[in-house]
1. Given (1) modelled with pLDDT under 85; (2) under 28 Å from A:Glu418 (Cα atoms); (3) surrounded by 13 or more Cβ atoms within 10 Å (Cβ to Cβ), where does A:Pro324 come up short, assuming only one miss?
2. If you take the residues in the stretch B:12-32 that are within 7 Å of another protein chain (Cβ to nearest Cβ) and within 25 Å of A:Phe319 (Cβ to Cβ), which one is nearest to the chain's Cα centre (by Cα)?
3. Mind listing whichever residues of the stretch A:269-293 are touching a residue at least 24 places away in the same chain (Cβ under 8 Å) and among the small types (Gly, Ala, Ser)?
4. Report, by residue number, each residue of the stretch A:253-272 that is of a type outside the set (Val, Ile, Thr) and crowded, with 16+ Cβ neighbours inside 10 Å.
5. What's the number of the condition A:Gly189 fails, among (1) assigned to a helix (DSSP H, G or I); (2) within 29 Å of A:Thr518 (Cβ to Cβ); (3) in contact (Cβ under 8 Å) with a residue 24 or more places away in the chain?
6. Out of A:His326, A:His347, A:His315, I need the residue that is of a type outside the set (A, V, I, L, M) and more than 25 Å from the chain's Cα centre (by Cα). Which one?
7. Going through the stretch A:231-275 one residue at a time, which ones are touching an Asp or Glu at 6+ places or on another chain (Cβ under 8 Å) and within 14 Å of chain B (Cβ to nearest Cβ)?
8. I'm told A:His347 meets every condition in (1) within 12 Å of another protein chain (Cβ to nearest Cβ); (2) within 23 Å of A:Ala536 (Cβ to Cβ) except one. Can you identify the failing condition by its number?
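The values are calculated or read from the model by the stated rules, or taken from the named source; none is laboratory data. Since the structure is predicted, the reported quantities are computational estimates derived from the model, not experimental observations. All Cβ positions, glycine included, derive from the backbone under ideal geometry; neighbour counts span all protein chains shown.
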Amino acid sequence: MSNGLTFSHRLTRLYAWIGGGFILFILLMAVGERLGLGIQTIGYLFMFVPIVAYAGIGFLSRTADVVEYYVAGRRVPAVFNGMATGADWMSAASFIGMAGTLYLKGYDGLAFVMGWTGGYVLVALLLAPYLRKFGQFTIPDFMGARYGDTTRVLAAIGAILASFTYVTAQIYGVGIITSRFLDVSFETGVFVGLGGILVCSFLGGMRAVTWTQVAQYIILIIAYLMPVVFLSYKVTSIPVPQLVYGTVLEKVTERENAIMADPAQATARADYAQRAQAIERRIEHLPPGTDKAELAKLRQEKADAEEHAKPLAPHAEPFPGPDPGHARLNFLALTFCLMVGTAALPHVLIRYYTTPSVREARNSVFWSIFFISLLYFTAPAYAVFAKYEVYTNLIGTPIADLPSWVASWSKVGLVKVEDINHDGVLQLAELTLNPDVIVLATPEIAGLPYVVAGLVAAGGLAAALSTADGLLLTIANALSHDIYFQMLHPAASTTRRLTMSKVLLLVVAVFAAWVASTKPATILSMVAWAFSIAGACFFPALVLGIFWKRATRQGAIAGMLIGLGITLLYLIGIRFYGMATWFGISDVSAGIFGIPAGFATIILVSLFTPAPDRDTQNLVESVRYPSLKL
Amino acid sequence: MTSDDKRRAYWRRTRWLTLVLLGVWGLVTFAPAWWAQGLNRYSLFGWPIAYYMGAQGTLLVYLAIVGIYVWTMERLDRRYGVEEEAYVEETLEPEVPGDDDE
């Protein structure tokens, strides 16, 4: 050995140990299962062993230094920052929900795949290198330096608004996973999960979050790839699902045609159509003054029945359904909003403050998109393989002979089978699958041992914990750094600032966990809004702030307010007040109006207000060059 | 060239590169989706083309865009003399790494 190791070498060695250790742990568990280790014990071990590892990293990364606490000391090498961004970015929804969404929506679900990767092109080209050159601690820091303190406060509020619903959903996801695998109540699961979140971030801020996120990325990617690699091997004898699922897709299409031609499928659909009509008649004949909840329940039942009566939409067909024109418009709008939102979510952008240089920041966006694509490349394959298994081995099977995973997931309500036409055989129309079940049940669908199910749970937990940590830190820092330190007490000592940060982190975490434990249906359905909100609030002001010296403080304030205002108006109007849609665009894509409105307002108002002063212009000039030698 | 000229030239090139790559990004994101129904009539190794683009092709182009950007910008940095000093990682005495694995 040479005398001394660089930081990167040391990190590579450490994470090789962690990755290798994790694989060894999986093998040990597999052997244990063979030798009769109980399912319950395996579930517990897969929950706790990784958490102990995260806690170890979190403890070793404890810090009392401001630069370490806020930006991990600015010495995170590009590759590791890429992995940390991957874990930061990929949430419980990506890990558990994405493949299921693709299963149910086919082509139309690809808006998420493109949106959540293509956003990083915007990050690379328009933001990351410049923010790194600016080199402060938070996104509101940049807004404040470029446009003044009012904008800083607006940005802090925007950051909290976009991150809070999102973090609640992550903690909810953690609660679901822990409660299912530890066999405890959902509320207990949420608070166990809260412990898991805090061990990663409480003592070491960004430094601890960064190094646990790298470990979490390694665990989540192993956990995501393994089941689908096995499934691919089982179906095609080639263990590279991403390369071979095209041929499987062809077989799925054949099966789709066969299923549509099957008369039994037609009778099942006709029965559902009849049921929908029957419910409709009941609704018409309800006595006036019937309970509203009763009515809503009947409406839901009718909608469910109608859903089952619909013809099967071929997997690869874009925009099936009666109105392809609007479906296409919505697809494009959603892709756009997800991309711009990705490029504007503060918890992602602050990751690029942590690299040692502008050059490394650029490099690390490349690694981010690479590591993220590994999962998003695989998700559509996951969906196609699962569909192939369901369409060939499940549909057309006598209901008495269904595989046991159907029964076990029916118990928790994620799978529903109903023999509506009483022929004793399962038709496609008679099967209801919750999107989450695709990833959760694939180990069983592929006939893999229970260890793999535990592995999937550990991966889902890693995804949810890492995202929750990144978001919590963003919220706590917006409060402690931007509001408390910058606005209220600029004279606060370093110790006091850090104490404040940690206290706020704890308060926000407990509050978010409490909100999550009440299972707030509205908040959970609002998660997709975060992208439109962040996109409309930050993106125009950030991009123009870098690329257009003439953008003024008044322009930015007006642009942020109008962009955010239009987005919120549209979201809330459509969702809660039955407002008519504009061009048929659904509420999740509200940013398609807010983002351009933000750009237009900033440009217009800036042109009518005096140009920014010399200092501000010099700041803009300086962020454009990695290093100025004058 | 004076250093001011060099600086301006660097920024002009940066903007051009950004604009061109954004154009490619927009084209590869929105064109296949807009013409998805037509494109899907042809297939590639089993994938209908529009589906393949959405699931893999576009992602590969994104990676290429960012890769080209990183590579070109590094060359521009050096050519116009705005590159950073090489960052030297701190070297630590060899020691037992933190024992965090299971």
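1. (2)
2. The extreme case among them is B:Trp25.
3. Of everything in the stretch A:269-293, those that are touching a residue at least 24 places away in the same chain (Cβ under 8 Å) and among the small types (Gly, Ala, Ser) turn out to be A:Ala270, A:Ala273, A:Ala276.
4. So in the stretch A:253-272, the residues of a type outside the set (Val, Ile, Thr) come out as A:254-258, A:260-266, A:268-272.
Answer for the stretch A:253-272, where residues must be of a type outside the set (Val, Ile, Thr) and crowded, with 16+ Cβ neighbours inside 10 Å: A:Arg255, A:Glu256, A:Asp262, A:Ala264, A:Gln265, A:Ala268, A:Arg269, A:Asp271, A:Tyr272.
5. (3)
6. Among A:His326, A:His347, A:His315, only A:His326 is of a type outside the set (A, V, I, L, M) and more than 25 Å from the chain's Cα centre (by Cα).
7. Hit for the stretch A:231-275 is A:Val235, nothing else.
8. (1)
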